[in-house]
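The values are calculated or read from the model by the stated rules, or taken from the named source; none is laboratory data. All values derive from a computational prediction rather than experimental measurement. So basically every Cβ, Gly included, is an ideal-geometry build from the backbone, and we count neighbours across all protein chains shown. Accessible surface areas use protein heavy atoms only, side chains included; no ligands, DNA or RNA. Shrake-Rupley method; radii C 1.70, N 1.55, O 1.52, S 1.80 Å.
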Amino acid sequence: MINAVPYQLRKRETKFDACGAEPITVKINPDPLVSEKPATYTGSGTLKFNNIIAGKTMLVIGYSDTSNNRIGDPDIQHFTESFNAGEPFTITAKDVQTPKLPKTYGITVAILDVSTNPKAPIYACATATVGGSLGERAYPIAGFSIAGYPIAERS
């Protein structure tokens, strides 16, 4: 006789890693994302070196494909509350439009401020690869202009 034990599938959570600036924690809902359906992103952490300034500092969410090409436009949300360096923060971006996603894609979530710090605007970021491997790390927010400020120039 064989004892049958129900097998419960464990939900795989999208894992975000630091990406060259201060780390932040990112949670998404739904997880995994559903192509062309809105999602909610929650970013949290404690910046050590930069202040978050309401109306100036932004949460930017971008997507990329396996060739590091951007997918769609980034979602941009300004912080509505200021936080001093060393003070924990949380920001939630609701109804973020998810573009049509390929089987493998990257997500980058960044906190930046181009108006206060145009030479080094990215204060913190996190990136995730979903569905496979992107090879090189992808930073889909690079090269976008926000209110006339280039975030980074591609060569």
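Could you pull out the trypsin sites (Lys or Arg not before Pro) across region 92-122 that fall in loop regions by DSSP (anything but H, G, I, E, B) with no more than 14 other Cβ atoms inside 10 Å? Kindly include the intermediate steps, with their values, before the conclusion.
Working: sites: 94, 100, 103, 119; in loops: 100, 103, 119.
Here the sparse-neighbourhood loop sites are 100, 103, 119.
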Separation between the residue 100 and residue 51 pseudo-spin-labels, each 7 Å from Cα along Cα→Cβ, expressed in nm?
4.6
Could you list, in their original order, any pairs among 15/100; 56/103; 48/103; 94/119 whose Cα atoms are separated by more than 32 Å?
56/103; 48/103
Magnitude of the Cβ-charge dipole of region 17-130, K/R +1 and D/E -1, about the Cα centre, nearest 20 debye?
120
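Could you please report the charge total around residue 27, scoring K, R as +1 and D, E as -1 over all other residues with beta-carbon less than 12 angstrom from its beta-carbon? Kindly include the intermediate steps, with their values, before the conclusion.
Numbers: positive: 15; negative: 13, 31.
Once all neighbours under 12 Å are counted, the net charge is -1.
What Kirkwood hydrodynamic radius do you get for region 17-130 when you take the inverse of the mean 1/r over all pairs of distinct Cα atoms, in Å?
14.3
Given a 1.4 angstrom probe, I'd like the percentage of the accessible area of region 19-86 that is carbon and sulfur, rounded to a whole number. It would help to have the intermediate numbers written out before the result.
Values: 1580 of 3440 Å².
Exposed carbon and sulfur together represent 46 percent of the surface.
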FRET efficiency for residue 80 and residue 15, Cβ-Cβ distance as r, R0 = 41 Å, nearest 0.05?
0.90
Peptide ranges 77-85, 26-34 listed from the most packed, as the mean C-beta count within 10 angstrom indicates
26-34, 77-85
For the residue pair residue 117 and residue 27, what label-to-label distance in nm results when each label sits 7 Å from Cα along the Cα-to-beta-carbon direction?
2.6
